[in-house]
1. Pop a pseudo-label 7 angstrom from the Cα along the beta-carbon direction at both residue 850 and residue 814 and give the gap in nm to one decimal.
2. Pulled fully out, how much extra length does the chain show between residue 830 and residue 28, if you take 0.36 nm times their separation in residues and subtract their Cα-Cα distance?
3. At 7 Å along the Cα-to-beta-carbon direction for both residue 879 and residue 671, put a label point, then send me their distance in nm to one decimal.
4. Would you mind working out the magnitude of the charge dipole of segment 754-883 relative to its Cα centre, with +1 at each Lys and Arg C-beta and -1 at each Asp and Glu C-beta, to the nearest 20 Debye?
5. Could you list the residues of segment 16-44 with an amide nitrogen less than 11 Å from a label point located 7 Å from the Cα of residue 89 in the Cα-to-C-beta direction?
6. Fewest to most neighbouring Cβ within 10 Å: what's the order for 668, 386?
7. Rounded to the nearest 10 degrees, what's the angle between the helix 724-734 long axis and the longest principal axis of the chain, both from Cα atoms, 0 to 90?
8. Treating the beta-carbon of each Lys and Arg as +1 and of each Asp and Glu as -1, no other charges, what is the dipole magnitude of segment 309-441 about its Cα centre, to the nearest 20 debye?
Amino acid sequence: PKEIFLKDYKLPDYYFDTVDLSFFLGEEKTTVSAKISVVPRVDGGAAPLVLDGVDLKLISVKINGNELKEGEFQVGPRHLILTSPPSGNFILETVTEILPHKNTSLEGLYKSSGNFCTQCEAEGFRKITFYQDRPDIMAKYTCRIEANKSLYPVLLSNGNLIEQGDLEGGNHFALWEDPFKKPCYLFALVAGQLESRDDTFTTCSGRKVALKIWTPPQDLPKTEHAMYSLKAAMKWDEDVFGREYDLDIFNIVSVPDFNMGAMENKSLNIFNSKLVLASPETATDADYAAILGVIGHEYFHNWTGNRVTCRDWFQLSLKEGLTVFRDQEFSSDMGSRTVKRIGDVSKLRTYQFPQDAGPMAHPVRPHSYIKMDNFYTVTVYEKGAEVVRMYKTLLGSQGFRKGTDLYFERHDGQAVTCEDFFAAMRDANDADFANFLLWYSQAGTPIVKVTSSYNAEARTFSLKFSQTVPPTPGQPVKEPMFIPVAAGLLDSSGKDMPLSSIYHDGKLESVACCGQPVYTTVLRVTKGEEEFTFSDVPEKPIPSLLRGYSAPIRLQSDLTDDDLFFLLAHDSDEFNRWEAGQILARKLMLSQVANFQKSSPLVLDPQFVHGIKCILLDSSLDKEFIAKAITLPGEGEVMDLMEVADPDAVHAVRKFIRKQLASQLKHEFLNLVKENRSSEKYVFDHTNMARRTLKNTALGYLASLEDEEITELVLHEYKTATNMTDQFSALAAIAQKPGKARDDALADFYNQWQHDYLVVNKWFALQSSSDIPGNVENVHKLLSHQAFDIKNPNKVYSLIGGFCASPVNFHAKDGSGYKFLGEIVVQLDKLNPQVASRMVSAFSRWKRYDETRQNLAKAQLEKIVSANGLSENVYEIASKSLA
Ligand code: HT7
Ligand code: ZN
């Protein structure tokens, strides 16, 4: 397979000005006619015009109305080449045939539950028609759709509906026109039996926008929350970023078969139904929050991605990092900022840090790829969002807004690069960003060590930083990064000290601003080694560092356990209170892992229990924050800190600590359950969600005990639950232990919800991710369950993805988990390479485990790589993992 490099980027030889598409949607085949006005980039240039095209049957090709003859074009499995096009502007017309009903890859035009829909990002448009399938080709589109009216009563595409009507033979048509230039990856078409929830939004300039959420008729009642989320997002983008919606209609379509979460096609967003449909009885608080965030995310793309798009796919983070940052901020403003930040940082640590330390490590802007689909990663998305966040940390809210305003002003209607975003931030603020651009080009999570010292006589407090960036594939040596470290100092009563000035780099700089006391300052760490000295510090402080997690790094400080307990109890930066608890928990878990490996008894530090108890009983704290603060770091996060990852030891230790906490704080946990039971009516707001989260976290702890009274309690919670959040949490609590209660509850749940595929997916995931010994057998059986379908990505993510997320069973020492995944990946790859390559990624960190496991995992990877007809998607991940 061919590797594509950023350094090889070349401007296209031809631009496309207008594109008129015409679809005839049939049961056996679909015919696509495309009429494109082509403009050479350089006057008089007559280079060959190379069009991408995959799985297309070419029927005819014309230039300026004349059918091309043999020799004037070449057609192969991936391209149509017009060997000597005319030298000026010309009209290119092609007719092709495609087979959407046979398309199981779910890219291009395909069928989902009988309806037609498209997915073109990144390179799916080439499965629809011959085109220069690259984002810097921006054109104005019209789209005519013709289909049988009774089978496909609704016909949708981008932009405005300008004509529709009935035709002979029971057919009808619709003609759509999108007035905005767009790259082809934003093209969309939907046709089928759908109904819409309708609403309107009046923009800040007074324009009334029709909002429509389309689903199969039976799902329509579950779209209320999605509509609420959309309207909230539209208002927020006006208020916070000054961005107004630009068309008179905005459509969202829900489909059950979708490879990712959703797609921001211009004015016709297509969503995985899992991220649209919700009702209190069928969706959890986490589902409601995800819907809010993703509806926001796709809507925000209208400006960050659609109006201003990417020059090439290496710039993906330009739109994705920025849009993730925007959706994170939106969700923060709609709920609790601290809790949202904790969730986002946990996600980064659990998924992105391991990627950045493994064989697939790549910079936020990758240097090369074989298959672009493989680079829709947590690095591009989540680390990319952290990079955007650092601009804001450095510039402040107003400076950041000046930067985004300039970015939109300069680049509306253009396809641009990460440097263009950087330049807008810099120029709007006249800022010095030193070597900040390295965040786009260097992979790996920087490790920053910090030591502190207090000089009582001089009343100074010094922080000495040293940083390294670990080697990653293709980047053995790194340069120091620009790391913004937000810092404050606590006095002995736990209060923030006002900061006056800092001595750094031979200069004394004042921190105080406009006569107002300052309690947090941002230190600009840019060198391998660097010292900052705070002056006028009256007593030895406890430093609170990296407040709000101001940079995506691993910070190693010399804070003692006592300092950390102090920060846990007092830090005004709530994020750092949580962080202090997590550092303590990680230390504790690692120390007990060492005990487990030596077969020494496991012990739980009473000071840790006390710290957790204080948090539990602190009624001044937000309940969702308490739930986060008493949740131990995940097993993956702890394994990530070990020389050789030991899933059995980490699992045993985490279970032990949970059980000990449950037993020593049983009384407190029981109270939390009693005090935070839900009221009859489900409300999705922070207060109610926080109550449910805390109650269910407490219930989860209690269920780890061997205790009749608790079993009764958990069953009671299950039976009396009035919403899915409570019902599913109780089910998960019961399912912790094998036995009759578990079997009965799982059977009961399936019975109740078998008609709802999204709820059944939760049921699959709960079982597949179970730590019950030998669970692979059960998962094998579930593959043949009537509700499972390997062609549906959501079901694969629930059952197979869920299994890989359970370290003890996936990494079973007998290799059964690896064998299971190896076989599935080969099978899946023939149907849907994108989904298969996501699954094969579970192997990528095989070198982190002991030799026995390494050999077993490696054998599976080798088998996969040698499979016949392997896709480029899976090849890229598997071969890079083996390298
Ligand atoms: N921009 C969208 C990306 C996407 C995608 C990429 C590859 C293959 C399938 C896909 N479906 C959607 C989603 C987003 O980030 O908003
Ligand atoms: Zn996105």
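None of the figures in this text is laboratory data; all of them are computed from the coordinates on show. Values in this document were obtained by computation on a predicted structure and should not be read as measured data. Note that each Cβ is placed from the backbone with ideal geometry, even for glycine, and that neighbours are counted across all protein chains shown.
1. So the label points at residue 850 and residue 814 sit 1.6 nm apart.
2. 286.6 nm
3. Label at residue 879, label at residue 671, 6.2 nm between them.
4. 160 debye
5. The answer is 17-18, 37-40, whose backbone nitrogens lie closer than 11 Å to the label point.
6. 668, 386
7. The angle comes out near 60 degrees.
8. Computed charge dipole of segment 309-441: roughly 380 debye.
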